[in-house]
Amino acid sequence: MKKLVTSSLVVSFLLAQTSLFSQMTSVNKQDSLSDNSIVMRDLELTGKISSNSGKSAKAQILSISRKEIQELSISSIDELLQYNAGLDVRRRGPMGIQSDLSVRGGNFEQVLILINGFRMTDTQTGHNSLALPIPLDAIDRIEIVKGSAARRYGQNAIAGVINIVTQAKKPNLADIGITGGDFTFYQLRADAAKSWEDVNLRVSASHTGSTGYRRNTDFTATQSFANFYTKINENNSFAIQGGFLAKKFGAAGFYTNLFPDQYEETQVGHIGIGHEYKKENIIFNSKVGWRWAQDEFTLFRYNPAKPKNFHIGNNLNAELGLVYNNSLGESSIGVEGIFEGIDSNNLGNRNRRSLQLYAAHEFSLLNRNLNILPSLTVAMYDTPISKSFFYPGADFTYKFKTNQNLFFSIGRGNRLPSFTELYYNTAANKGFEGLVPEESFAMDLGYSIAHAGTQIQASVFQRTLKNGVDFVRNDIKSPWIATNSGEIQTRGVEVSWKERWGSFLSTTINYTYLDQKMDVPTGKISKYVMENLRHQLAALASFHINKNLYIGPTFRFYQRVSLPDYSLFDAKLEYRAAQFTIFTQAQNIADKKYTEIGMVPMSGRWWTMGINFKIR
């Protein structure tokens, strides 16, 4: 099995040296939404084995537009995701310092993060999944797939997929900006683009810092990202992207309340290369991506002599995909090889390989109103269990009219335990080498309509998770021990309603209800599983007073199974001129005291003000 996986990965790697991530071939398409919205769109989440998602898949992709990113009162990607139905972002600190992302009641290990289709999986732990080497200014849109439909994107996409899409081509200009605010907060930003006929280059960078809102919560963060795209000829395109992140932060209470001087430094690097060949009814794409991460953690920030946890992780993946349009529909096949390795003074020197094969065929019935996309994924691992898994599934979309869709997805998925879950060993937390992959079975049923100024989407879903990984213990004095828990049943409802009230006002309401049941071993206490949301509500409004002045208030309500309820009010006021933009924004205007995870108190009211300049 190891020889098969290794040889396939090497072949994929060599072929992918001339590759392209498919998003880059379509970055010139105009965003179909021009206002603040989080709704269903006819998009294509590409870059995963096959570059074709199919009409049935596209109907289930949600998108956060560039305009929404600009108008919300946010400073980081995790803050942006909080407004989406079904997405639970649990922060240990503000401004993107560290957050856990959950989709529809799953845990932070069960979400796959992509940048232009490239995996951002953290080899060490899902706690670092949102440690992304890309500034907010570099993002054109964010595409989201939740539930069963996420299975098409391979390993670890049990609960959902978040794909961050950049815009390679934009007018020849540069943006620079500066922001300051409470708690000595500052942020410097720069974003520049240049185009030469069929060649496009874009570079973005930011540097953020603060003295913190309480003791030992100071931080600095530097992010940079660049992407290059060129159309070689009529049939061939080539692209390369790269990014870097460096964070240093006081981690007061992040992992335990027993040590107030916890401190962490994280660095992440990424390179992705891709190629696409397109001719008539054939699309062939290949790519290779690498993510490197370094994490250093200590319980004793002010005592360098004390021991530290030090981890260096590498994740290399290579993909080949072929799409063939024919009289019977659209067929796609693909292969992906993944190598994960870590060198750690706590987890040891570990590595593993996996191979995934994918096949799908989409066809239409009933005068092309019904689109059906059956698919099959075969996953082969060499560790922690040498075994092959088969994951079938299907997506259905029925179009009532041009603006109404009924969709249904059903399928299975899988996730490998992280190295932390397998090998971590301290007095408080202990991994277990005998863990086996998680397996899920999920179903989704939904309806969407877009008419005039109204857009509504509603869905019901169910997921059954077997061998779910959790940390459990007997009592509060015992260490947490990783285990494959009993069956976890998750059911829920999501509703999104967007309304446009004339030319000056639009509103968005997102609601999620979750009901989760778990077979917790008798006498055991669960660390992660039963901390999910029960009710989640987000309401957004966009007031365009005139072409220059904008006001964006937002409201969020959270009811969790095991933490007190809380509500948050945020707002942004912005004035835009031809060459500059001035804004002020506030988070937690009511100065509420609340926690999102563990015993970490979040910040109170936080005001910021900034200015951006455009240079042509």
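The values are calculated or read from the model by the stated rules, or taken from the named source; none is laboratory data. Note that the coordinates shown come from a computational prediction; the quantities given were computed from them, not determined experimentally. All Cβ positions, glycine included, derive from the backbone under ideal geometry; neighbour counts span all protein chains shown. Just the protein is used for accessible areas: all its heavy atoms, side chains included, with ligands, DNA and RNA removed. Shrake-Rupley method; radii C 1.70, N 1.55, O 1.52, S 1.80 Å.
Worth a mention:
- The range 147-214 versus the range 218-267: alpha-carbon centroid distance in Å: 10
- Simple Cβ-charge dipole of the chain, Lys/Arg +1 and Asp/Glu -1, about Cα centre, in debye nearest 20: 160
- Nearest-20 debye value, the range 346-396 charge dipole, Cβ charges on Lys, Arg, Asp, Glu: 260
- Principal axis dimensions, the range 64-114 - Cα atoms, whole angstrom, descending: 29, 22, 19
- Kirkwood hydrodynamic radius (C-alpha pairs) into Stokes-Einstein, the range 233-300, 20 °C and 1.002 mPa s, D in µm²/s: 140
- Cα gyration tensor shape for the range 58-157, rounded if a/c is under 1.5, else prolate or oblate: rounded
- Per-residue 3J(HN,Hα) values for the range 339-345, derived from phi via the Karplus relation 6.51 cos²θ - 1.76 cosθ + 1.60 with θ = phi - 60°, read 10, 10, x, 8, 10, 9, 6 Hz in sequence order (x marks Gly and Pro).
- Share of Cα-Cα pairs in the chain lying beyond 32 Å, as whole percent: 45
- Taken about its Cα centre, the range 139-285 carries a charge dipole of roughly 280 debye when the Cβ of each Lys and Arg holds +1 and the Cβ of each Asp and Glu holds -1.
- Helical contribution to [θ] at 222 nm, DSSP H n ≥ 4, -39,500 (n - 2.57), averaged over the chain, rounded to 500: -1500 deg cm²/dmol
- Of Val203, Val378, Thr581, farthest towards positive along the dipole that unit charges on Lys, Arg, Asp, Glu beta carbons give the chain: Thr581
- Rolling a 1.4 Å probe across the protein heavy atoms gives the range 131-285 an accessible surface of 36 Å² per residue.
- Computed Rg/Rh of the range 448-527, alpha carbon atoms with Kirkwood Rh: 1.28
- Over the chain, Cα pairs under 8 Å with separation of 6+ residues give a relative contact order of 13 percent.
- With Cα atoms as the point set, the range 249-367 shows a radius of gyration and Dmax of 22.5, 72 Å.
- Within straight-line cross-link reach of Lys231, aspartates and glutamates at Cα separation under 12 Å, skipping those fewer than 8 residues along the same chain: Glu197, Asp198, Glu276
- Accessible area expressed per residue, the range 291-400, with surrounding protein chains retained (probe 1.4 Å, Å²): 45
- For Gly552, net neighbour charge (Lys/Arg +1, Asp/Glu -1) across residues whose Cβ lies under 9 Å away: -2
- Whole-Å distance, taken between Cα centres, linking the range 445-484 and the range 292-342: 23
- Each of the peptides 407-413, 238-244 was scored by the mean count of other Cβ atoms within 10 Å over its residues; in descending order, highest first, they stand as 407-413, 238-244.
- q = 0.12 Å⁻¹, the range 400-475: log10 I(q)/I(0) [Debye, one scatterer per Cα]: -0.57
- Selection among Phe310, Tyr263, Gly329 by position relative to the dipole of the range 262-344 gives Tyr263 as farthest towards the positive end (Cβ unit charges, Cα centre).
- Computed over the range 99-190, the range of Cα coordinates on each principal axis works out to 40, 36, 22 Å, biggest value leading.
- Label point of Arg214 set 7 angstrom out along Cα-Cβ; within the range 243-262, amide nitrogens under 16 Å from it belong to 250-262.
- With a threshold of 26 Å on the Cα-Cα distance, the over-threshold entries among Lys146/Lys466; Lys572/Lys614; Lys247/Lys477 are Lys247/Lys477.
- At most 14 other Cβ within 10 Å, DSSP loop - GluC sites (Glu not before Pro), the range 473-557: Glu487
- Farthest toward the positive end of the dipole of the chain, out of Leu114, Leu563, Tyr447, is the Cα of Tyr447, where the dipole comes from beta carbon charges about the Cα centre.
- Net charge, Phe569 excluded, C-beta distance under 9 Å - Lys, Arg +1, Asp, Glu -1: +1
- Near the amide H of Thr166, within less than 5 Å, lie the amide hydrogens of Asn116, Asp140, all on another chain or at least 5 residues away, with H placed in the peptide plane.
- Percent of alpha-carbon pairs separated by more than 21 Å within the range 170-314: 60
- Accessible surface for Lys248 stands near 100 Å², nearest 10, in the context of the full protein assembly shown (1.4 Å probe).
- Counting only Cα atoms, the range 300-447 measures 72, 29, 27 Å along its principal axes, largest extent leading.
- Sulfur and carbon atoms: percent of accessible area, the range 270-403 [1.4 Å]: 59
- Qualifying trypsin sites (Lys or Arg not before Pro) in the range 168-220, where qualification requires a DSSP coil assignment and no more than 11 other C-beta atoms within 10 Å, comprise Arg215.
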